[in-house]
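Only one structure is covered here, and it is reproduced in the block below.
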Amino acid sequence: MGLFRRKKKHVPFWIRKTHLFRKDEFICSECGYNTKKAYKTCPCCKAPMSKEIFDPSWVDEIEMQDMMFDD
Ligand SMILES: [Zn+2]
């Protein structure tokens with residue numbers, strides 16, 4: 001299960017998670033795989049990733065927005 005609900009023409013992408021004292025992490029929008037590098041394809045679910053990197057200030061906020069779109 002990914003962080004986002006599947007839509008038509010859905011393009012998988014990396015979600016950048018910034019850390020104060022550690023290197024940035026990238027999270028697969030499809031499977032939630034966590035990596036230090038934004039690969040072209042997800043090493044976990046093999047999804048071809050978009051060049052766009054989603055860069056939220058808080059990941060929790062996206063999950064909240066996702067829930068708000070639910071109805
Ligand atoms: Zn993945």
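Restricting the first member to the stretch 36-49 and to residues that are farther than 15 Å from K17 by Cα and near the ligand (Cβ under 6 Å from one of its atoms), and the second to residues that are in a loop (DSSP other than H, G, I, E, B) and of a type in the set (F, W, Y), the beta-carbon pairs closer than 7 Å and six or more apart or on different chains are C42/Y33; C44/Y33; C45/Y33.
Scanning the stretch 19-35 for residues that are surrounded by 14 or more Cβ atoms within 10 Å (Cβ to Cβ), within 13 Å of the ligand (Cβ to nearest atom) and not hydrophobic (A, V, I, L, M, F, W, C) yields S29, E30, G32, Y33, T35.
With respect to (1) surrounded by 15 or more Cβ atoms within 10 Å (Cβ to Cβ); (2) at pLDDT 95 or above; (3) among the charged types (D, E, K, R), the lone exception for R16 is condition (2).
The values are calculated or read from the model by the stated rules, or taken from the named source; none is laboratory data. Predicted model, so just to flag it, every value in this text is computed and none were measured. All Cβ positions, even for glycine, are placed from backbone atoms using ideal geometry, and neighbour counts span all protein chains on display.
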